[in-house]
Amino acid sequence: MGSCLTVGPNEALVVSGGCSGSDQKTYVVGGWAWAWCFLSDTKRITLEIMTLQPKCESVETAEGVAITVTGVAQVKVMTDQDLLAIACEQFLGKSVMEIKAVVLQTLEGHLRSILGTLTVEQIYQDRDQFAQLVREVAAPDVGRMGIEILSFTIKDVYDRLDYLSSLGKTAFGSLSETVI
């Protein structure tokens with residue numbers, strides 16, 4: 001006896017075991033699979049987009065200025081069969097919150113390391129370039145987990161010592177001197 005299991009396009013079904021006792025696993029996205037009662041093991045993993053909000057507080061830049069950076073990342077489990085197998089190996093049986101926590105820690109680690117190599121001006125004035133750099137550096141690591149970074153943006157950059165606001169005042173002062 002067995003049953004026919006279906007899965008929508010927003011999740012993957014993993015069927016392992018069966019009558020032959022093999023270690024072979026079947027990965028199904030948006031389809032169906034047959035599972036034998038008491039012989040097959042079935043689990044599901046989400047393929048939906050997960051929103052993460054990495055935040056690095058009081059990280060020193062290349063100039064030694066401590067700043068806080070927050071971002072927004074959209075990630076998801078990859079559906080290519082080989083990469084889906086890797087993601088299932090890493091995350092099958094884990095909740096969405098647990099998956100998000102692992103990826104968030106990885107993104108925050110890369111964000112923190114990149115912040116230490118740039119100046120405050122580079123980070124603040126060219127956020128798109130900074131976000132692209134974080135995405136390029138983090139993508140291979142999360143890719144080895146079967147996760148894809150769909151987008152990454154910098155939401156906010158600030159410091160507690162008003163270094164960024166003094167940069168704006170200095171720039172404004174220079175501009176008004178040249179006008180006068």
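Using alpha carbons only, how many degrees (0 to 90, rounded to 10) separate the axis of helix 81-91 from the longest principal axis of the chain? For 81-91 against the chain, the angle is about 80 degrees.
Ordered by the number of other Cβ atoms lying within 10 Å of each residue's own Cβ, fewest first, Y158, Y124, Y163 fall into the sequence Y158, Y163, Y124.
Can you tell me how much longer the chain between Q105 and T70 gets when fully stretched, taken as 0.36 nm per residue apart minus their C-alpha distance, in nm with one decimal? The partial results should precede the final answer.
Values: separation 35, 0.36 × 35 = 12.60 nm, distance 1.33 nm.
Taking 0.36 nm per residue and subtracting the Cα distance, the gain is 11.3 nm.
For the pair R144 and T6 in one chain, pulling the backbone fully straight at 0.36 nm per residue adds 46.9 nm over the alpha carbon distance. Across the chain, counting alpha-carbon atoms alone, Rg and Dmax equal 22.8, 88 Å. Farthest towards the positive end of the charge dipole of the chain, among the residues H110, P54, V75, is the Cα of V75, using unit charges on the Cβ of Lys, Arg, Asp and Glu. With axes computed from alpha carbons, what is the tilt in degrees of helix 96-115 against the longest principal axis of the chain, rounded to the nearest 10 within 0 to 90? Helix 96-115 and the main axis of the chain meet at about 30 degrees. Taking all Cα pairs closer than 8 Å and separated by 6 or more residues, the relative contact order of the chain comes to 22 percent. Helix 127-143 against the longest principal axis of the chain: what's the angle in degrees, Cα atoms only, rounded to the nearest 10? The two axes meet at around 30 degrees.
Quick one: putting +1 on the C-beta of Lys and Arg, -1 on the C-beta of Asp and Glu, what dipole do you get for the chain around its Cα centre, in Debye to the nearest 20?
Values: 14 positive and 22 negative charges, 105 e Å.
Here the chain has a charge dipole of around 500 debye.
A straight Cα-to-Cα reach below 17 Å connects K94 with the aspartates and glutamates E11, D41, E48, residues fewer than 8 places away in its own chain not being considered. Among the aspartates and glutamates, which have Cα under 12 Å from the Cα of K155 when same-chain residues fewer than 8 positions away are ignored? Within the straight-line cut-off, K155 pairs with D128.
Where a number appears in this text, it was derived from the coordinates with a stated rule and is not lab data. Here the structure is a predicted model, which is why all the values come from computation and not from measurement. With ideal geometry, Cβ positions are generated from the backbone for all residues, glycine too; neighbour counts draw on all protein chains shown.
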